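The values are calculated or read from the model by the stated rules, or taken from the named source; none is laboratory data. For clarity, every value in this text was computed on a predicted model and none was experimentally measured. Glycine also receives a Cβ, built like all others from the backbone with ideal geometry; neighbour counts cover every protein chain displayed. When the accessible area is computed, the model is the full protein with side chains, heavy atoms only, and any ligands, DNA or RNA have been set aside. Shrake-Rupley method; radii C 1.70, N 1.55, O 1.52, S 1.80 Å.
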Amino acid sequence: MSANIKPRTTRKIKVGTLTLGGDSPIAVQSMTATRTQDLKATARQIEILEKAGADIIRIAVDSKEDVEALKILRQGSKAIFSVDLQENYRLAPIVAPYVNKIRYNPGHLWHLDKDKTIREKVEFIVNAAREHDLAIRIGVNCGSVDPDYKARYPDDSIEAMVRSAVDHCAMMDELGFENYCVSLKDSDSSKVIEGNRRFAELRPDVPLHLGVTEAGMPPEGIIKTRIAFEQLIPAGIGDTIRVSLTVPDDDKGQEIDVGRSILDDIDNGRFRSVPENFLEGLNIIACPSCSRVENGKFVELAQDVRRMTEYAEKYKITIAVMGCRVNGPGETDDADLGLWCGPAHVNLKKKTETVGAFGYDEILGKLKEELDKLIEDRYGAKEPSIP
């Protein structure tokens with residue numbers, strides 16, 4: 001190990017047979033990108049990730065039907081499974097027998113059972129995890145921070161994430177549950193770095209899961225992720241990692257390969273230089289796809305968006321391409337132009353303003369119209385039409 005890497009001070013937690021935290025090796029994980037109820041496709045994803053060497057495989061559930069599918073998938077795999085509860089915390093007890101870790105998003109707990117407190121809902125999850133000897137990940141996401149924290153910190157989105165995570169850790173501690181870790185994710189590498197640094201100063205004992213969410217397509221998505229990891233891991237911050245890339249389903253193992261490559265470079269003191277003007281121009285954010293995606297054309301659309309917008313690379317504009325209704329609306333709010341994809345239509349936004357819903361066959365043209373208007377309004381420039 002490079003002498004420049006500080007030792008980690010986090011406590012150790014157990015995820016099945018895997019140990020995270022302290023001096024344990026940094027674990028590399030990924031997530032299935034297919035509909036959980038599509039057993040053949042999801043089993044194939046699990047196989048791809050296992051062959052790539054994933055330490056943990058995360059699967060999303062949002063209904064009892066998803067849980068039934070997970071039960072069957074569990075029978076066909078000995079992999080360490082983490083489950084993403086999405087917006088339905090009530091599924092915790094019925095999904096617990098088939099997984100090793102539960103991930104919940106503090107920003108999604110307010111949706112259901114509004115007569116109950118957030119603490120009551122957290123306790124419900126903790127009880128399920130405790131009964132089945134599971135780990136928990138408190139997963140705070142930039143685009144879905146609890147509205148209460150956004151209101152408290154209107155001018156500091158990083159602090160809103162950090163305080164949400166810290167307060168949920170306090171709930172875990174009060175409930176006597178120690179087998180938990182935290183993640184604080186954003187699509188902006190600098191916010192990931194700053195958020196995790198702030199959290200680590202406040203709670204140096206809590207293991208951290210690192211990742212740049214919606215990093216996008218290779219190579220840009222890899223570079224964004226590497227920037228964050230190269231700043232945090234040498235500082236002793238980070239116990240498990242996820243590389244989130246927008247790639248076809250059969251290439252999902254690339255997330256594991258890239259993660260291990262970055263860790264190997266850091267471990268051996270090989271740090272990659274980043275061009276001084278990287279991300280000063282066009283920045284395309286794209287989610288890595290998961291079982292929530294309602295139309296498989298999403299990944300192809302993201303690639304088409306990148307090709308179509310090449311003519312605008314010199315302009316500092318952010319375009320977000322999101323694959324579902326769960327995170328799509330919130331996580332496109334900060335983008336200059338945002339697309340979140342439904343089953344038959346793509347919703348086009350300018351910041352928080354909705355432009356309209358368009359078919360997959362017409363959205364590129366509509367996006368180009370809005371992009372050209374934005375370039376002209378912001379930079380006084382007219383781009384030639386693309387044949």
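Quick notes on this one:
- Test: residue in the range 113-121 that is open to solvent by less than 10 Å² (accessible area, probe 1.4 Å) and without any contact (Cβ under 8 Å) to a residue 60 or more places away in the chain: yes
- Residue match in the range 42-60 (condition: touching a residue at least 60 places away in the same chain (Cβ under 8 Å), assigned to a loop (DSSP other than H, G, I, E, B), in contact with a helix residue (DSSP H, G or I) (Cβ under 7 Å, 6 or more places away or on another chain) and of a type in the set (Val, Ile, Thr)): no
- Odd one out for ILE284, checked against (1) farther than 26 Å from GLU47 by Cβ; (2) assigned to a loop (DSSP other than H, G, I, E, B); (3) modelled with pLDDT under 90: (2)
- Among the helices (runs of 4 or more DSSP H) confined to the range 295-387, the ones with at least 1 residues that are surrounded by fewer than 20 Cβ atoms within 10 Å (Cβ to Cβ) and modelled with pLDDT of 85 or more are located at 297-308, 363-379.
- Counted residues, the range 161-179 - those being surrounded by fewer than 17 Cβ atoms within 10 Å (Cβ to Cβ) and not in a helix (DSSP H, G or I): 3
- ASP62 falls short of the stated requirement of being open to solvent by less than 30 Å² (accessible area, probe 1.4 Å) and acidic (Asp, Glu).
Table: residues versus (1) modelled with pLDDT of 95 or more; (2) closer than 26 Å to LYS297 by Cα; (3) not small (Gly, Ala, Ser).
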residue: GLY216; (1), (2), (3): no, yes, no
residue: ILE223; (1), (2), (3): no, yes, yes
residue: PRO234; (1), (2), (3): no, no, yes
residue: ILE256; (1), (2), (3): yes, yes, yes
residue: LEU263; (1), (2), (3): yes, no, yes
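- Filter result for the condition that a residue is surrounded by fewer than 23 Cβ atoms within 10 Å (Cβ to Cβ) and under 27 Å from VAL140 (Cβ atoms), over LYS14, LYS78, LYS51: LYS14
- Subset tally (residues that are part of a loop (DSSP other than H, G, I, E, B) and in contact (Cβ under 8 Å) with a residue 24 or more places away in the chain) for the range 23-37: 8
- Residue list for the range 166-192, restricted to those being closer than 13 Å to CYS142 by Cβ and hydrophobic (A, V, I, L, M, F, W, C): LEU184, VAL192
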